[in-house]
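For reference, the structure discussed in these notes is given below.
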Amino acid sequence: MKLKKELDTIDAVIVIAEYGHGKRAGILSDYTFAVRDDDNNNNNSVNNLRTIGKAYSGLTDDEIHQMTKRLKSIMIKDEGIRIIVKPEIVLEVAFDSIQKSNRHDSGFALRFPRIKNIREDKSVSDIDSLQKVKQIYEKQTYIMSKK
């Protein structure tokens, strides 16, 4: 077993949920999450969200079943293998590093993301910003350049 030390955590909101495979078939177990883009001056908060990663580990089977019910109750659009949801459920996501990415509209991706907590105490207005992600990325790049 290989254990990696997490670099940091980000509070992000779920925007997409996908159905799992194998023992998780039929349940929403893969969550795409986003951070706030404070540089986007659009008043619509949904348009201020930028995806940064997708996680499918860290929750218990019971938590995943409860999350499936909750996500279906806030579904905006059903796309078959995935659903688009209202940005309401905040997660604390741990990760090992951040890399530049064309896959996510934030321009960044968390490496080896895993769900650390469901943040019932936070709302979408409390999630972390893209600016924080950029600061973590720059700090890690600086540290790596010194090694």
task: Kindly write out, for the stretch 17-26 in residue order, the coupling ³J(HN,Hα) from the Karplus curve 6.51 cos²θ - 1.76 cosθ + 1.60 (θ = phi - 60°), rounded to whole Hz, with x marking Gly and Pro.
output: 10, 10, 6, x, 10, x, 5, 9, 4, x
- prompt: Q140 to K86: extension gain in nm, 0.36 nm per residue of separation minus the Cα-Cα distance?
  reply: 16.2 nm
task: Would you work out the charge dipole size for the chain about its Cα centre, treating the Cβ of every Lys and Arg as +1 and the Cβ of every Asp and Glu as -1, and quote it to the nearest 20 debye?
output: 600 debye
- line: the chain, Gaussian network, Cα under 10 Å: of D128, D105, D62, the residue fluctuating most is D62
- request: Take the alpha-carbon centre of the stretch 11-40, take the same for the stretch 63-87, and report the distance between them in whole Å.
  value: 9 Å
- prompt: Looking at the chain from every direction and averaging, what is the projected area of its Cα convex hull in nm²?
  reply: 9.9 nm²
- prompt: Using alpha carbons only, how many degrees (0 to 90, rounded to 10) separate the axis of helix 61-73 from the longest principal axis of the chain?
  reply: 80 degrees
query: With each label point set 7 Å from Cα along the Cα-Cβ vector, what nm distance links N47 and D105?
result: 1.0 nm
statement: Here the percent of antiparallel bridges among DSSP beta bridges lying wholly in the chain, to the nearest 5, is 95 percent
query: To the nearest 10 degrees, how steeply does helix 130-146 sit against the main Cα axis of the chain, on a 0 to 90 scale?
result: 50 degrees
- prompt: Given the Cα-Cα distance of D96 and D61 and 0.36 nm per residue of separation, how much length would full extension add, in nm?
  reply: 10.2 nm
task: Of the listed pairs K86/K134; K69/K116; K100/K139; K54/K100, which have alpha-carbon separations greater than 18 Å here?
output: K86/K134; K69/K116
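Laboratory data are not the source of any read-out in this text; all were calculated from the coordinates shown. Source: prediction; values computed, not measured. Note: ideal-geometry Cβ built from the backbone for every residue, glycine included; neighbour counts use all protein chains shown.
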